[in-house]
1. Residue by residue through region A:138-145, what is 3J(HN,Hα) from phi via Karplus (6.51 cos²θ - 1.76 cosθ + 1.60, θ = phi - 60°)? Round to whole Hz and write x for glycine and proline.
2. Could you compute how fast region A:3-152 diffuses translationally, taking Rh as the Kirkwood radius over C-alpha pairs and applying Stokes-Einstein at 25 °C with viscosity 0.890 mPa s? Give it in µm² per second.
3. Sorted from largest to smallest, which semi-axis lengths in Å does the alpha carbon gyration tensor of region B:115-185 give for its equivalent ellipsoid, taking the root of 5 times each eigenvalue?
4. Mind listing the long-range amide H neighbours of B:GLU122? Cut-off is under 5 Å, sequence gap 5 or more, other chains count too, H placed in the peptide plane at 1.01 Å from N.
5. What ranking of B:GLU391, A:GLU94, B:GLU96, B:GLU112 emerges when the number of other C-beta atoms within 10 Å of each C-beta is taken as an exposure proxy, fewest first?
6. Just how far, in whole angstrom, is region B:82-144 from region B:201-256 if you go by their alpha carbon centroids?
7. Would you mind giving the mean number of other chain beta-carbons within 10 Å of the Cβ of each residue in A:12-19, as a whole number?
8. So what are the ³J(HN,Hα) numbers for region B:281-296, from phi and the Karplus equation (6.51, -1.76, 1.60; θ = phi - 60°), rounded to whole Hz, Gly and Pro as x?
Amino acid sequence: MTQEEFRRQEAELDDLYRDIIIDHYRHPRRRGHLDSPSAAHEGLNPLCGDEVTVEVKVAGDRLADIAYTGSGCSISQSSASMMTEAVEGKSLEETRRLINDFTAMMRGSDDIDPDALGDLEALSGVRRFPVRIKCATLAWHTLDEALNDAAAG
Amino acid sequence: MTLDVTAIRKDFPILERKVHGKPLVYLDNAATSQKPRQVIDALVRYYENTNANIHRAVHTLGEEATAEYEGAREKVRRFINAPTTESVIFTRNTTEAINLVAYSWGRANIREGDEILLTQMEHHSNLVPWQQLAKEKGATVRYVPVTEQGTLELDGLENLFDARTKMMALPHVSNSLGTINPVEKIATEARKRGVMLLIDGAQGAPHLPVDVQAIGADFYAFSAHKMLGPTGVGVLYGRKELLEEMEQFLGGGEMIRKVTFEGATWNDLPWKFEAGTPNIADVIAFGAAIDYLEVLGMDNVRQHEAEITAYALDRMATIPDIILYGPPDVEQRGGVVSFNFSDLHPHDIGTVLDQYGVAIRSGHHCTQPLWRTLGVSGSARASFYIYNTPEEVDKLVNAVVAACDYFLKR
């Protein structure tokens, strides 16, 4: 392989594995358990075996606290970590909207401006690797289910 | 090298293609093999010249199609040395073949309190149907443990079965670890104890000489697409006496003898188990795949894979911090090399390797309980076939090292 080819290769990988993704993978935020969660939901990616359990604590119309545990690839785990940071303390309505916007971005929707999603934009590079999109959205679908569980009491 | 791999590679059009600008290095053969020109041509030839439904029409095309379809069944019979074509049933895949046995034999013979014996290295397709059956019947499922070396814990074969064991099912070759299981010895013991034995040959028939009579299995199941054939064709070999006693699996056309408004009687073997129009074109093309393998010789196929696997194990063992699974002795191992790194997920390895044109599998390989037993969620897996070369193993090793370096410096 020529030097140029090698650099092109790495550039493509760098677009998938942005620094912030690697940072969250190596140093996960809010990884662990809550003392008394309103709900906990386990999400599985049956094709590849990624696992994420999201715990939420709902206070009124606010997501007061959130934590996650799980195992899987760098994309699935860093997405979970970035998600907890993005939604913590937000209203339930804002959280739902962010879940919608993030999953729409990952589906490649034109209605979403990735740059409006802050750090989460870094995960937009995953779209060029279609089989990995499910890794990135796993935590978000699991959060959605956890909020449903909490609402159902 | 035992096989003339240069000549073989010319028969596989897909090996010409590039992935991300690099020559394809296809090392996911345990998932599905690539197809030689001869098999692709057989499909085209059938649709261009012969296409007709089988077993009914009196016109020329119908007769030709029937002869080719039944001709493929005879090729399969010879390939696995079954005593008669009545014992060779075409299904969709290995999974359907196993489900056929669980449904037709299992539901008539497994009772409350019986035990079904499986192994910890079972593919989900040889696990879920038996769990379902056990649940329905109030039977239990026990699993033969896997040692740290990736072999079955079989010391004291005579203690393998207990009084309640009615049925055992196990893989000929583990799709995750590569382990070749001593199926002949197990079959001898099973026969002595009157235990029914099914062998999941999905990773056996494509890679090893298989003689179902010498093995002594009651049932042996495998898939065409892992042995150069098309997708959508599986084979169930069953002992004729067993198949004759068994109730039908799916109902419909082809499998009946006589139908009235009051009921139906069943066709002879093997058609009793082949309801509806079968996958005629793909079965015929599977015949071409068997022709191809027979020209090479299955002993040579096995020898080639043992050589490549030995080379791969040697080379991969030099990669720092690599964890290799399965028996180190290639005598006990098919062409599968599963590996991990403690701080690198198999998917991330797989994505980087793909950038280098190297196709491997990453994940649980449909053996989730096995990986849980081994304390991980899955592995990266390279698996070899007749067209793979030592140079491709080198490319694999270089790409794995590049993946490690990439994440190390990030």
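Only the coordinates and a few stated rules stand behind these numbers; no lab work does. Computed from a predicted model, the values in this text were never measured in an experiment. Note: ideal-geometry Cβ built from the backbone for every residue, glycine included; neighbour counts use all protein chains shown.
1. For region A:138-145, the Karplus curve yields 3, 4, 5, 5, 5, 4, 4, 5 Hz.
2. Calculated translational D: 158 µm²/s.
3. Semi-axis lengths for region B:115-185 are 20, 15, 9 Å.
4. Close amide H contacts, sequence-distant or interchain: none at all.
5. In increasing order of surrounding Cβ atoms, one gets B:GLU112, B:GLU391, A:GLU94, B:GLU96.
6. That distance is 13 Å.
7. 3
8. Per-residue couplings from phi come out as 4, 6, 5, 5, 5, 4, x, 5, 5, 5, 3, 4, 5, 5, 5, 5 Hz.
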